[in-house]
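One structure is given here, and the rest of the page talks about it.
The values are calculated or read from the model by the stated rules, or taken from the named source; none is laboratory data. These numbers were taken from a predicted model, which means no experiment stands behind them. Every residue, glycine as well, gets a Cβ built from its backbone with ideal geometry; the counts of neighbours run over all protein chains shown.
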Amino acid sequence: DEELIVLGIETSCDDTAAAVVRSNGEILSQVVSSQADLLVKYGGVSPKMAEGAHSLVIDQVVQEALDKAKITEEDLSAVAVTIGPGLGLCLRVGVRKARKIAGTYALPIVGVHHMEAHALVARLVERELQFPFMALLISGGHNLLILARDIGHYIQLGTSIDDAIGEAYDKTAKWLGLDLSKSGGPALEQLALEGNQDSFKFKVPMKQHKDCNFSYAGLKTQVRLAIESKNIDATIPIASTSSEDRRVRADIAASFQRVAVLHLEDKCQRAIGWGLKIEPSIKHLVASGGVASNKYVRSRLYNMVEKNGLQLVCPPPSLCTDNGVMIAWTGIEHFRMGRYDTPPPACEPDDAL
Ligand code: KG4
Ligand code: ZN
């Protein structure tokens with residue numbers, strides 16, 4: 001097996017990321033430039049603004065990834081880049097950059113599916129992880145339960161019928177007046193540590209549905225109503241509220257988190273049953289995506305998976321949230337199987353895409 005060195009580029013959402021990874025699993029560099037300050041300043045990201053932010057830093061982020069890895073483009077075996085799902089305008093910034101490098105240095109290019117990368121990065125972390133395995137992918141835009149049979153061969157067992165869990169974390173954090181400078185999820189996780197998770201009796205979604213699908217829109221509504229009933233004013237930041245008000249907010253955060261994760265446990269439990277019927281040799285469940293960096297989520301999933309006689313594989317937080325390593329690694333997995341595109345023309349006009 002020839003040693004490969006692959007550059008991975010990720011621009012599907014609001015982080016611009018690049019990384020260089022070796023086929024032996026060694027991470028040579030990892031760079032992430034976040035748009036969190038834009039988020040705070042404007043209370044959200046518009047596609048046009050996000051595209052502008054990616055364009056502004058993409059060259060610098062890629063250069064930094066190469067420099068930190070102590071290599072130049074000439075040392076690369078291939079370039080991998082996220083081609084979806086995500087915001088078209090943002091994806092295009094990464095793809096344009098990848099094609100430029102690939103064209104200039106006559107490198108093969110691998111187009112990567114963002115969610116597949118969240119799942120496959122677990123095989124970089126846990127080298128023993130063989131197919132088939134189960135994966136729970138939990139991010140801002142997606143909630144997926146899949147059975148991974150091989151590279152590029154996935155069976156979807158469940159998905160979100162409305163909002164993903166990360167979206168519910170982000171909205172709840174916003175309504176509780178949390179500091180969003182590092183995105184809502186981590187801030188809510190922190191506040192929940194101070195709260196009583198049994199103080200608000202939110203209903204676990206989709207209990208009566210005998211499937212593996214998720215729904216977080218109803219829980220969001222329950223939380224919003226609870227916040228309104230307690231007269232919480234989100235325009236007053238949590239840092240400036242009374243201790244009584246802060247306690248109520250923490251109770252809501254903890255109660256929300258408990259139910260949000262119970263819903264994950266329920267559906268994973270059922271999916272494991274389904275998965276084992278299809279592939280009795282399954283030994284692992286992978287949990288990945290931004291929300292899987294949450295400690296409470298990790299420990300609850302760990303117990304549930306162990307109880308089912310399987311092993312949980314959960315990448316470290318920096319590889320759960322969006323990153324270039326997972327793109328480079330998925331590029332390596334595909335490249336090894338001959339799945340890549342030949343180099344684009346060296347002098348492609350900039351508007352070719
Ligand atoms: O995978 P990711 O980085 O980007 C997408 O593909 O969407 O996931 C981002 C999501 C956001 O909703 C963010 O709030 C959430 O993951 N997240 C967390 C935590 N860290 C990130 N949610 C709960 N607890 C965390 N510690
Ligand atoms: Zn993601």
Worksheet entry | From the options 146, 155, residue that is touching a Gly at 6+ places or on another chain (Cβ under 9 Å) and within 16 Å of ligand 1 (Cβ to nearest atom) | 146
Worksheet item: When residues of the stretch 89-98 are filtered for being touching a helix residue (DSSP H, G or I) at 6+ places or on another chain (Cβ under 8 Å) and within 16 Å of ligand 2 (Cβ to nearest atom), how many remain?
Response: 2
Worksheet item: Quick check: anything in the stretch 174-197 loosely packed, with under 14 Cβ neighbours inside 10 Å and part of a helix (DSSP H, G or I)?
Response: yes
Fill in: Filter result (outside any helix (DSSP H, G or I) and farther than 14 Å from residue 148 by Cα) within the stretch 257-294
289, 294
Worksheet item: Given the structure, is residue 185 modelled with pLDDT of 95 or more, within 20 Å of residue 85 (Cβ to Cβ) and small (Gly, Ala, Ser)?
Response: yes
Practice prompt. Return the total of residues in the stretch 58-87 being more than 16 Å from ligand 2 (Cβ to nearest atom) and surrounded by fewer than 19 Cβ atoms within 10 Å (Cβ to Cβ).
Written response: 13
Practice prompt. Could you tell me whether the stretch 299-315 includes any residue that is more than 16 Å from ligand 2 (Cβ to nearest atom), among the aromatic types (Phe, Trp, Tyr) and free of Cβ contacts under 8 Å to residues at least 60 places away in the same chain?
Written response: yes
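Can you tell me which residue within the stretch 160-173, out of those that are part of a helix (DSSP H, G or I) and either at pLDDT below 95 or under 15 Å from the mean Cα position of the chain (by Cα) (or both), is nearest to ligand 2 (Cβ to nearest atom)? Can you show your working first?
Pass one, the stretch 160-173, residues part of a helix (DSSP H, G or I): 165-173.
Among the residues that remain, those that are also either at pLDDT below 95 or under 15 Å from the mean Cα position of the chain (by Cα) (or both) are: 165-170.
Numbers: 165: 12, 166: 9, 167: 12, 168: 16, 169: 14, 170: 13 Å.
By that ranking, first place goes to 166.
Answer yes or no as to whether residue 30 is assigned to a helix (DSSP H, G or I), at pLDDT 95 or above and either at negative phi or not hydroxyl-bearing (Ser, Thr, Tyr) (or both). Talk me through it step by step, then tell me what you get.
Working: assigned to a helix (DSSP H, G or I): no; at pLDDT 95 or above: yes; either at negative phi or not hydroxyl-bearing (Ser, Thr, Tyr) (or both): yes.
Criteria not met by residue 30.
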